[in-house]
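Written below as structure tokens is the structure these notes are about.
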Amino acid sequence: MKVLDTIPEISSEPLDRMVKGCEAFHTLLTALDFDLFDLLEESKTAEQISSEVCTDTSLTGKFLNALVALQFLSKENGKYTNTKLASTFLVKDSPFYQGNLLRLSGRNSDNRSMLNSILKGDVSEAKEGRFEDVFDSSFILAMAEGSMRGSLHRTIKEVSTLPEFQKARTLLDLGGGHGLYAIAFAETNPDLEATVFDLPHVTEVTKEFIERYDMNDKVGVIGGNFFEDEIGSGYDIVFASDAFYRKPDVLPGVLKKVYDALNNNASVVLKHWILNDERTAPPTSVLFDLNLSLRGDMHHIYTESECIELLENAQFSNVRVLDISSQTSPSVLIIGDKEVQ
């Protein structure tokens, strides 16, 4: 057999894309570490940038050229400036800034480097710690940034058409974190009073967002752990976004609290990523399911049928699913009613 007689039947392009994607991601994270995009809202030379961030001039030029190739920067007459992509998502003052979310993805990548030992059962006590321990301010900011990619807008648009929402006067955003969903719901329905329930230290970040959008008179907060504490009562809607990725043995108790907290003929609305029945698609959900499990065996991504079953077992009726997914966010809305005759 000759060398030229041996050729693969399929392309290696998918592998190449993964490798180049990793290289590009680490290049982007390095640029964020140096706050380069904040510096390049106005055009500058490599020498100017090198002087401002104290780096080697020659290597800085190559680094900036790589960012041009990745379409984060443009270059003209030896000067670099942000593209619209960078100005929109990578400058700290932008309402769509994604830096905290990207850094969180970088930390998750570090977790995956331990996948080999974890698969063999070598899970450290730190990784078996409480899921709540990851909820520091940078994580909450990352979740806020992720919602502003479009998932919040799709959610509000769909929920606002529901008759249950249009007549609602009280809404609980359970595990609401940054509170942007509650804020947007209250902006959409002027007659609505919204409350964000989350861990006490998380609600300190929530208050900052409420203040930023001048919604103190429409959105309140309650600090607590919804697995352990009471969540209040008298709600027309309980909304939860990506808050119930926990094993089925702990969720029934929480869903009972939700059911009891709702007024008669009120509704629960869950926004969550889901898996297909074989748990092999969509890829984003499958990888998320694996990533969550790197912290221990307490997490679970549900299929659509499992979500429906959970709500029906909690006495909710008329359970239905609305698809609000995008290429990067495989979300659905699962809605159930508390119908009391």
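Quick notes on this structure:
- Shown here for region 1-96: GluC sites (Glu not before Pro) in loop regions (DSSP other than H, G, I, E, B) with at most 10 other Cβ atoms within 10 Å, namely E9, E42.
- Accessible surface of region 289-341 [probe 1.4 Å, protein heavy atoms]: carbon and sulfur percent: 43 percent
- Translational diffusion coefficient of the chain (Stokes-Einstein, Kirkwood radius from Cα pairs, 37 °C, 0.692 mPa s): 147 µm²/s.
- Close amide-amide hydrogen proximity is noted between E193 and T170, L171, each under 5 Å apart and 5 or more residues distant or on a separate chain (H modeled in the peptide plane; Pro and chain starts excluded).
- Comparing C307, H178, T280 along the charge dipole axis of the chain, the residue lying farthest to the positive side is T280, per the Cβ-charge model.
- Bridge type composition, the chain - antiparallel percent by DSSP, nearest 5: 50 percent
- Dipole of the chain, positive end: most advanced residue of F37, F197, N318 [Cβ charges, Cα centre]: F37
- The long axis of helix 283-293 is offset from the longest Cα principal axis of the chain by roughly 80 degrees.
- Kirkwood analysis of the Cα pair distances in region 135-233 returns a hydrodynamic radius of 13.6 Å.
- Here the Karplus relation 6.51 cos²θ - 1.76 cosθ + 1.60, evaluated at θ = phi - 60°, turns the backbone of region 36-44 into coupling constants of 4, 6, 5, 7, 10, 5, 10, 5, 8 Hz, with x for every Gly and Pro.
- C-alpha long axis of helix 57-69 to longest principal axis of the chain, angle in °: 50 degrees
- Region 14-53 and region 55-112: distance between their alpha carbon centers, rounded to Å: 4 Å
- Under a model in which nothing but the beta-carbon of Lys, Arg (+1) and Asp, Glu (-1) is charged, the chain shows a dipole of about 660 debye around its Cα centre.
- Sequence-distant lysines (8 or more away, or on other chains) whose Cα lies within less than 19 Å of K79: K44, K62
- Mean residue ellipticity, 222 nm, helices only, the chain: the sum of -39500 (n - 2.57) across DSSP H runs of n ≥ 4, divided by residue count and rounded to 500, is -12500 deg cm²/dmol.
- Under 14 Å, Cβ to Cβ, from I324 - net charge with Lys/Arg +1 and Asp/Glu -1: +1
- What the pair-distance distribution of region 14-66 shows, using all Cα-Cα distances binned every 10 Å from zero, is 23, 50, 20, 7 percent.
- Across region 224-270, the volume of the C-alpha convex hull divided among the residues equals 72 Å³ per residue.
- Sites listed here are chymotrypsin sites (Phe, Trp or Tyr not before Pro) in region 1-61 whose DSSP assignment is loop and whose Cβ has at most 13 other Cβ atoms within 10 Å, and the list is empty.
- Helix 99-112 vs. the chain, principal-axis angle (Cα, 0 to 90°, nearest 10): 90 degrees
- The string of couplings for region 240-251 from the Karplus curve (6.51, -1.76, 1.60, θ = phi - 60°) is 9, 10, 6, 10, 10, 7, 10, 5, x, 6, 9, 6 Hz, one whole number per residue in order, with x for Gly and Pro.
The values are calculated or read from the model by the stated rules, or taken from the named source; none is laboratory data. Since the model is a prediction, treat every value here as computed from it, not as a measurement. Here the Cβ is made from the backbone with ideal geometry for all residues, glycine too, and neighbour counts use every protein chain on show. For accessibility, only protein heavy atoms count, side chains too; no ligands or nucleic acids. Shrake-Rupley method; radii C 1.70, N 1.55, O 1.52, S 1.80 Å.
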